[in-house]
Amino acid sequence: MSGTRFAWGWTPKLAPQARIASVRTFLRLLGAVYFVAFVSFGVQAPGLLGSRGILPYAEYLKAVKDALGAAGYWNVPTLLWLLPSDAAMKAVWLTGCLWALMAVFGRWQRPALAVCLVLWLSLCAVGQDFYSFQWDVLLSEAGFLAIFAAAAPVRIFLFRWLLFRLMFFSGTVKLLSHDPTWRNFTALHYHHFTQPLPTPLAWYMEQLPMWFQKASVGLVFAVELAAPFLFFAPRRIRRAAAWITIALQTLILLTGNYTFFNFLTIALCMWLFIEPEAECHPSRAVTASLAALIGVLSGLLCLQLFSVPLPPGGDTALRLADPLRIVNSYGLFAVMTTTRLEIIVEGSNDGVTWLAYEFPYKPGNVNRPPPIVEPYQPRLDWQMWFAALGSYQNNRWFVNFVLRLLQGEPSVLRLLSYNPFPQAPPKYVRAVTYLYTFTHSGERAWWAREESGKYLPAVSLR
């Protein structure tokens, strides 16, 4: 009896208004995340996806239509099919900002978030390489559930199920990848300096001894693989698991710039504190349909994660649902990178003297400290990290980026912090790779680097 009382704790008599207030608070937080996401999109959109950007979205839609015909409307679900122009793209993200603020200020929250979902999906669908991150689809999935958010038992369960999949899948992929750094508990020894955009605190974390790094990996596995099962436990245990998850997310956001991802995950943890109430009869049919849809799709994703053959029609169901991004698979850093290559883009007018372009946030100048930029995401800086893992031949966007530099395109140059050719674009552009590592205590710079090789040979418009 005492164990049961400890697990469940004292149950306060919560008025319905208190539960409603808790749900409305989550919807406000989600509206704030949407607002940040739309603004972040808008300030970068011309240089990334505009008609003179790196990957013009109007050209992308035309290519999809030519290749798929009418099926393209389902595979790329976006309102921008109606008018693929820079003005339309601007109208979409600005409208998204307004409706997100409506949710923040508590006005027509569910309809406002439904509009935000449609607009966010419309932008992500045309984002190509720049809008394919897990937090982009997490925002879509959380936004979809938010349309039906209530303190009813099944609806609370669906939010907890989303949080469970997010956390548990993130731990599972680390084991299923058979990556040796996760298996020997050394992954975080490399992570602090190899992650896309570390913060200054990551430099200090890198200085800590190996035993601490290994213990930290053990903590990550405990939080990602064990704690999620406690999301469905009695009240006190469930809330303890919530605080543990929030603590891990806080540590991640303090050491790495992962945009709005950690803030959104912490907001989802609110559903571990909300207690259920009886659901009114008219909404039970909606809840049943919603639970069935998410249950089937997430079940198929679980089978896929563990390489279990899907039942007949499973592939088709996942393929049809995938463009809508309402149920997704998650898992970050399944394989830990152990070295950091950085691409330094340079221009020249004579092919002899080369001057480097400087990105605002990714490592370049070794004396510049790592930035703190979250919840904003500099999408070009992030893609440069991914480009360094491969070659320019399998990164079409990088070739287009170099082309825009040779053309001196203003919308693309605004994505950079320093243009060494302010008067006219250079005649040649090339890309060189450097091996970057954090310095040690007592050294003056934040980074140490040595040249590694050529990424892109010198090219010109001729």
For this session: Please verify whether the range 255-267 includes one or more residues that are assigned to a helix (DSSP H, G or I), in contact with a Ser or Thr (Cβ under 8 Å, 6 or more places away or on another chain), more than 30 Å from residue 23 (Cβ to Cβ) and not charged (D, E, K, R).
Result: yes
For this session: Quick one: in the range 268-287, of everything that is assigned to a helix (DSSP H, G or I) and within 13 Å of residue 150 (Cβ to Cβ), which residue is modelled with the lowest pLDDT?
Result: 282
For this session: Within the range 180-223, count every residue that is among the hydrophobic types (A, V, I, L, M, F, W, C), over 13 Å from residue 438 (Cα atoms) and either surrounded by fewer than 18 Cβ atoms within 10 Å (Cβ to Cβ) or out of contact with any helix residue (DSSP H, G or I) (no Cβ under 6 Å at 6 or more places or on another chain) (or both).
Result: 8
Seminar exercise, completed: Residue hits (the range 323-337; surrounded by 15 or more Cβ atoms within 10 Å (Cβ to Cβ) and either without any contact (Cβ under 8 Å) to a residue 40 or more places away in the chain or part of a loop (DSSP other than H, G, I, E, B) (or both)) are 325, 326, 327, 328, 329, 330, 331, 332, 333, 334, 336, 337
For this session: Working only within the range 441-462, note down all residues that are in a loop (DSSP other than H, G, I, E, B) and over 30 Å from the mean Cα position of the chain (by Cα).
Result: 441, 442, 443, 444, 460, 461, 462
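Considering only residues that are of a type in the set (S, T, N, Q) and either exposed (fewer than 15 other Cβ atoms within 10 Å of the Cβ) or at positive phi (or both), which ones fall in the range 376-399?
Residues of the range 376-399 of a type in the set (S, T, N, Q): 377, 383, 391, 393-395.
Within the range 376-399, 391, 393, 394 meet the criteria.
The values are calculated or read from the model by the stated rules, or taken from the named source; none is laboratory data. Keep in mind the model is a prediction, meaning the values are calculated, not measured. Using ideal geometry, Cβ is built from the backbone for each residue, glycine included, and neighbour counts are taken over all protein chains shown.
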